[in-house]
1. Keeping every protein chain in place, order D158, D65, D39 by accessible area at 1.4 Å, biggest value first, i.e. largest first.
2. Let me check something: with ligands and nucleic acids excluded, how do K94, K81 order by accessible area (1.4 Å probe), largest to smallest?
3. Please give the contour-minus-distance gain from R45 to S96: 0.36 nm per residue of separation, less the Cα-Cα distance, rounded to one decimal in nm.
4. Any chance you could check the Cα centroid distance between the range 107-165 and the range 36-52 for me, in angstrom?
5. Suppose accessible area is computed on protein heavy atoms with a 1.4 Å probe; arrange T154, T122 from highest to lowest.
6. If r is the Cβ-Cβ distance from A137 to Q167 and R0 is 25 Å, what FRET efficiency results, to the nearest 0.05?
7. Say R0 is 25 Å: what FRET efficiency, to the nearest 0.05, do A106 and R67 get from their beta-carbon distance?
8. In square angstrom, rounded to the nearest 10, how much accessible surface does E49 have for a 1.4 Å probe?
Amino acid sequence: EGRGGGHSRLAGPRRAVAGPGRAGAAPAPLVMQVVGGGDESPVRRLLRELAGRLGGEYVGSSSYDPRCRHVVVVNVKRTEKLLAGLAAGAWLLKPSWAEASAAAGAWLPEEAHELFSAGEATAPCGRGLLWLGAPRAHRLARPQRGGGVFVGQTFALDPEVVPPPAQLRR
């Protein structure tokens, strides 16, 4: 989606982003990205349309946008957006969230559509597995940590590391 994906930012209603520590907070813009499905997948088109109709911003980029708090996962793939969204404590959502929100004409609560499974369930992710409890665990821990998984930690990286250090900093 990095080619011509662009941003869809349209004025519209803003709403408080659900989650612990957000009660009574000022409304925040809904910023969304998609993992998988191709550049012109139906879910990407739907999110662009909903951003205009319901308010929010769809970020069409192959890299993770740190403002993003909603990542719709079409395919569980080991990508920068999925891993960065997970580390940032963003909502990792099934496409059903966008579809149900479109049908309701409003952004619906995320929890019923979260990429989550209690217990030890996993999904193939690259050469490894993604524990399906991780998205919720990281999202719920974000307020106590004051940010994503790596807040306050320092890492030394070889300049030749793959992916490159600039990408890892995002």
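1. D158, D39, D65
2. The most accessible residue leads, giving K94, K81.
3. Here the segment from R45 to S96 would lengthen by 17.0 nm.
4. Measuring centre to centre over Cα atoms gives 23 Å.
5. Order by accessible area, largest first: T154, T122.
6. After rounding to 0.05, the efficiency reads 0.55.
7. For A106 and R67, the calculated efficiency is 0.70.
8. Surface open to solvent at E49 totals about 90 Å².
The values are calculated or read from the model by the stated rules, or taken from the named source; none is laboratory data. In this text the structure is predicted, and so the values were computed from the model without any measurement. A quick note on method: Cβ atoms are made from the backbone with ideal geometry, for glycine too, and the neighbour counts reach across all protein chains shown. Calculation scope for accessible area: heavy atoms of the full protein, side chains included, ligands and nucleic acids excluded. Shrake-Rupley method; radii C 1.70, N 1.55, O 1.52, S 1.80 Å.
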